[in-house]
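I have placed the structure first, in the form of structure tokens, so that the comments after it can refer back to it.
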Amino acid sequence: GPPSPSSIPWSTPPPGSRCPPSGGRCSPRPSPATTSLPGPAPRPGLPACPKPYPASSSLGGGITVVTWNVGTAVPPDDVTSLLHLNTGETNDVDMIAIGLQEVNSKINKRLKDALFTDQWSELFMDVLSPFHFVLVSTVRMQGVILLVFAKYYHLPFLHDIQTDCTRTGLGGYWGNKGGVSVRLSIFGHMVCFLNCHLPAHLEKAEQRKEDFATILHMQQFEGHVASGILDHDLVFWFGDLNFRIESLDIRFVKYAIDSNILSQLWEKDQLNIAKSTWPVLSGFQEGPLNFPPTFKFDVGTNKYDSSAKKRKPAWTDRILWKIKSPSAGLGAGGRRPSRGVLSVSQLCYCSHMEYTVSDHKPVAAIFAVQFASKADKPPVEIYVADEWSRPEQAVVRYKMAAGFHRSSWDWIGLYRVGFRHPKDYVSYVWARSDDGERYLEKQLCAQVMFSEEALPKGKGEYILGYYSNISSSIAGVTEPFQISLPRSEEGSSPTDSSGSSSEEDDSTLVLLAPKSRSPSPSKMKRHRSRSPSLAKFQGLILRPSSRDRGTSRSPSPQSRRGLPGDIPTIHLPQEESGCCGGKAKEPGRAADSQGSPFYKTLWEQVGPRHDNPLAMADPRNLGLLPALRLEMINQALGQRRESVDQGYPCQRMSPTSPPGCSTSPKERGSP
């Protein structure tokens, strides 16, 4: 079963960790107290149901926070030193929050990122997944991105994950400035990560104060516990806050930097001044600025601005934290809603001069966080054999905790060790049972089985995870186990348990999204996935169907009743398909047999069947991409002209289409 809290405490980073005064990598001093994070506890055997987890008095955790204004640059080849990987420190870190600003958000780049995950997110997932970090949540507002990662065995203890964003650019209408946040419950403590990009320039200090106050006021989360940012037990505030150094001449600032007398600059730092004068910053803490100012550098160098503007160096990139006051948020009888004591200490606060792709230097901080009296067992406990060497051994037993809110859309995913995010599975099986409520009420073990076709062939290490559709997160995991199955015959390939599309018609293409980047399928309308098939087609028009512009395609009970109009179609010449496709032709076009395009609906091949609506559904692909309609440009224009000339019913493809076209499914002969 999954590791118990008592067996994998969030061990704190080495108490001797420190940062060199000149910035750069954190280097832990030798210390006998240095310990590494223990691996998951041994699994109980498959035949028995799980026993209650033993309570733990306290949990400690290491959290790394990184902020970087990347200045629209292309990601560097290596970010291991920025994330403090391969240094021994990452073994003691359980969560990593990465805040980026000024990610390239020009129109052409944003259109690409709408279909594919942005390069920066891809880079961090690729680098962190071998260290067992999984993307928990992400949020983007134009060029401002926030990514939160956690070790995979902590995922069941991360609940109530929500995101929000606030625009403050151009009076609140533009998202080049503002803040994005991810909030979640970590072992019962409410924690919020807030990444901000505030107004620039020395004279805009008051504007920065007002914008930060606006962000705190506007961002509200669902639920009665910690509805506002400052209601959380712990807040990490970081980003390009753009505070500057007042009064001092640029020559003295550079002299102080070169002479390593940075303390003479601290008292003139606008943020240090604001901490004691602005009520909105009351309670926020920050470590000493023992690294040189991180702005502004000539790109590609470690030399401060040599342009005609010669901007004064400043600590614009900052990381602060705030612990909720013990007297704040008292409940009935003077008790706080959340239990236990929370303590935070900063072990490292440094810049990284080795990165030169931007005019800002990235800043990183490592925190030791003590979560006391927060040992909750996972919502779902999963049990599996030590090895699957035969298909009949692919049996999974699981037990849901009392009070767990199950859904018929929950599923159990099979992941390779080193998976990147909750939708990065190899195959899955629906966690459905006619007696599901009875299992939950009587605390019995339910059982499901992976089909032989769904199992990966060959040898490898895998993990099982129970995905909760209601919470949009993983509610239970196992420790790694072995799968050793003989490889299939050449030419065949394993498929997932939901089945694969038929190969009887080569003219049909399923545009699926195998790598969703967000663990929340209900919020995926704006976060789309990488599709390797798109690059193979030249001169294609991609347009979302009118039905999907305003609706979510999350795997909800409402989406079980699909219509042919909901399914993507592809326009290809008839002679290229090699088949008749008579059923898919539109009325009025069946008689046109000489090279006329035709429609072939995917409904016939991958749509839900009447006898089993879920048989062909794939949770990884629901709500990730809008329904796409692909057609050759010249054919699309020819069809539109032909339909207008001959009076055929046509579908409005875009806001610029002729207003006389109907979008009603009843008026269309085919989707």
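Val70 sits among other residues whose Cβ lies under 12 Å from its own Cβ, and their net charge, with Lys and Arg +1 and Asp and Glu -1, is -4.
Full extension of the chain segment joining Asp305 with Leu111 gains 66.6 nm, where the gain is 0.36 nm per residue of separation less the Cα-Cα distance.
Taking label points 7 Å from Cα along the Cα-to-Cβ direction, Lys459 and Asp258 give a separation of 6.2 nm.
Placing a label point 7 Å from the Cα of Ser389 along the Cα-to-Cβ direction, the residues of region 441-461 whose backbone N falls under 14 Å of that point are 459-460.
Surface composition of region 171-303: carbon plus sulfur atoms contribute 52% of the solvent-accessible area (1.4 Å probe, protein chains only, all chains present). Taking amide hydrogens as placed 1.01 Å from N in the peptide plane, the amide H of Val417 sits under 5 Å from those of Glu461, Tyr462, Ile463, each at least 5 positions away in sequence or on another chain. Pairs exceeding a 19 Å alpha-carbon distance, out of Lys106/Lys209; Lys177/Lys322; Lys177/Lys209; Lys275/Lys324: Lys106/Lys209; Lys177/Lys322. A 1.4 Å probe, protein heavy atoms only, puts the accessible area of Leu216 near 20 Å². Per residue, region 196-307 exposes an accessible area of 46 Å² to a 1.4 Å probe, with every protein chain left in place.
Using the Cβ-Cβ distance between His224 and Arg251 with R0 set to 41 Å, the FRET efficiency from 1/(1 + (r/R0)^6) comes to roughly 0.15.
The packing ranking, built from the mean of other Cβ atoms within 10 Å per residue, places the peptides 268-274, 136-142, 220-226 in the order 136-142, 268-274, 220-226, highest first.
The values are calculated or read from the model by the stated rules, or taken from the named source; none is laboratory data. Since we're looking at a predicted model, the values are computed, not measured. We place every Cβ from the backbone using ideal geometry, glycine too, and count neighbours over all the protein chains shown. The protein model used for the area step is the full one, side chains on, heavy atoms only, and it has no ligands, DNA or RNA in it. Shrake-Rupley method; radii C 1.70, N 1.55, O 1.52, S 1.80 Å.
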